[in-house]
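First the structure, in the form of structure tokens, and then the observations on it.
The values are calculated or read from the model by the stated rules, or taken from the named source; none is laboratory data. Please read these numbers as outputs of a predicted model, since none were measured by experiment. Here the Cβ is made from the backbone with ideal geometry for all residues, glycine too, and neighbour counts use every protein chain on show.
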Amino acid sequence: MKRFVLVASMLVFAFVAPASADVAPPNQYWWHDGCPWLCQGHGRPALDAEAKEEAESEEAVPGGATNEASPEVPEQAEAPANEEEAAPAAAEEEAAEGEAQLLFEGVEPAQTPVEAAKRARKHKKREREQAEREKAEHEEANPSSMWVGVNGGGWGPSEPPEVAPMVKYVRLESGNPTEFEKFQASGIQVDYDDAGPYSKHGVSSINASEYAERLVRVIEADPSIVSVEILNEPDGNWFWGEGANSKANAEAYARLLEAVYNKVKARFAGERPLLLGAFEEGSTWGDVWWNALKDKQAVDGVVVHPYGGTGNHTQSALGDRAQVERAHSYTGEPVYVTEVGWPTATNFAPTGDSLQWPQGEQAANIYNFVSWARATGYVGGVFVYEYHDAEVNGPAEYGVVTHAGVKKLGWTALKQASEGVTCTVCS
């Protein structure tokens with residue numbers, strides 16, 4: 001009976017023991033290759049020192065199971081024994097909630113020095129970008145972002161202080177530095193209309209090198225002038241003779257512009273006035289010289305004189321805005337309207353450029369054109385023709401001041417257009 005019990009016990013253990021082989025590595029237990037521990041020739045293998053130490057540490061674990069083999073059980077926080085133990089846990093929870101609230105409100109929690117430096121750089125970049133956007137929006141809305149001026153000059157020492165309250169830019173063609181300085185002393189910037197020398201043979205009759213050298217001397221005498229127009233209406237036969245707008249003269253104008261640019265750049269580098277090319281009327285003159293211009297940097301902008309004409313009343317009131325738009329779309333350059341105006345000699349026939357207008361309508365036309373030009377974003381300046389009536393009694397009464405020196409409504413309209421405020425005299 002004892003032998004039967006012993007044999008039965010051995011059989012039961014033989015079936016149970018191999019199943020444990022999957023739990024622990026085979027070299028740490030008394031079986032090998034599936035053979036039970038009592039098989040002949042397979043006793044418990046000898047352990048080296050390192051394995052022995054590991055085995056001893058494993059035996060210290062309750063139940064004899066190894067740490068590796070034990071499944072990981074998530075630790076559960078024990079309930080605090082008293083209020084003193086509960087306080088730190090509550091404080092940690094409150095701190096975590098506080099940090100989450102800071103993130104929600106856009107406030108960054110404490111960071112390492114490297115993280116703080118990175119975020120500071122990003123913050124500064126965002127500030128610079130925001131400042132640039134605000135500057136661009138300000139310049140777009142600010143009246144000073146576009147020059148508003150008047151054609152003047154030749155009316156004596158009282159002219160600069162009389163013009164100063166109205167506009168801050170004036171177009172002069174004298175080339176006289178003394179006259180320039182008088183306007184500048186009154187806070188008025190000067191656009192120099194280098195009109196001539198007029199020639200009945202067109203621009204091709206001009207010696208480009210000599211012209212450029214003379215212009216350099218004018219700028220040297222008054223380097224603070226803001227811009228120079230290279231010739232006045234050079235495509236017009238009224239100044240430059242028949243054939244003025246020929247292809248040959250347009251190409252000669254392109255060479256003149258480049259000669260001027262090279263001379264002025266060599267003398268003044270970046271500290272120079274803007275150089276403006278006459279794109280002018282609706283003819284192909286501007287197209288030809290622009291296409292012939294090898295160095296597009298030779299001009300900083302193009303000039304047009306968009307008078308409204310003598311046909312349709314509505315069109316005449318607006319001025320030739322299509323001419324302005326075309327000059328910009330063709331060249332991509334800023335456009336400078338250095339002459340546009342509406343005469344008020346209602347007792348006379350129209351001029352060659354415009355119908356005649358009552359003073360209130362002249363005022364409205366001036367104000368509306370300046371406002372439209374500013375809204376385009378590409379018009380660099382508008383100079384109304386002109387400050388003073390050229391005649392005591394005649395058709396060419398374009399001025400915003402009469403020949404006798406009396407201010408018309410147009411004077412106030414131009415002042416308010418320059419300031420970007422509502423017109424109070426426009427009818």
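General remarks:
- Of the residues making up the range 215-234, just one is hydroxyl-bearing (Ser, Thr, Tyr) and without any contact (Cβ under 8 Å) to a residue 60 or more places away in the chain, namely Ser224.
- Boolean, Glu159 is of a type in the set (D, E, K, R), at pLDDT 75 or above and over 25 Å from the mean Cα position of the chain (by Cα): yes
- Matching residues in the range 410-426 - criterion: being assigned to a helix (DSSP H, G or I) and surrounded by fewer than 23 Cβ atoms within 10 Å (Cβ to Cβ): Thr412, Lys415, Gln416, Glu419
Yes/no matrix, rows are residues, columns are (1) in contact (Cβ under 8 Å) with a residue 12 or more places away in the chain; (2) within 18 Å of Glu173 (Cα to Cα); (3) out of contact with any helix residue (DSSP H, G or I) (no Cβ under 7 Å at 6 or more places or on another chain):
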site: His201; (1), (2), (3): yes, no, yes
site: Glu210; (1), (2), (3): no, no, yes
site: Gly236; (1), (2), (3): yes, yes, yes
site: Glu251; (1), (2), (3): yes, no, no
site: Ala266; (1), (2), (3): no, no, yes
site: Leu275; (1), (2), (3): yes, yes, no
site: Trp285; (1), (2), (3): yes, no, no
site: Ala298; (1), (2), (3): yes, no, no
site: Val303; (1), (2), (3): yes, yes, yes
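- Options Ala396, Ala364: the member that is surrounded by fewer than 22 Cβ atoms within 10 Å (Cβ to Cβ) and touching a Cys at 6+ places or on another chain (Cβ under 8 Å): Ala364
- Single residue of the range 290-320 satisfying the filter (within 17 Å of Gly380 (Cβ to Cβ) and either of a type in the set (A, V, I, L, M) or not assigned by TED's automatic domain parsing to the domain that holds Glu258 (or both)) that is surrounded by the most Cβ atoms within 10 Å (Cβ to Cβ): Val303
- Pair list, Cβ < 6 Å and 6+ apart or interchain, from the range 394-418 residues that are without any contact (Cβ under 8 Å) to a residue 60 or more places away in the chain to residues that are small (Gly, Ala, Ser) and buried (at least 18 other Cβ atoms within 10 Å of the Cβ): Pro395/Ala345; Glu397/Ala345; Tyr398/Gly341; Leu409/Ala363; Ala413/Ala363
- Filter result for Leu256 (part of a helix (DSSP H, G or I), aliphatic (A, V, I, L, M) and in contact with a strand residue (DSSP E or B) (Cβ under 9 Å, 6 or more places away or on another chain)): yes
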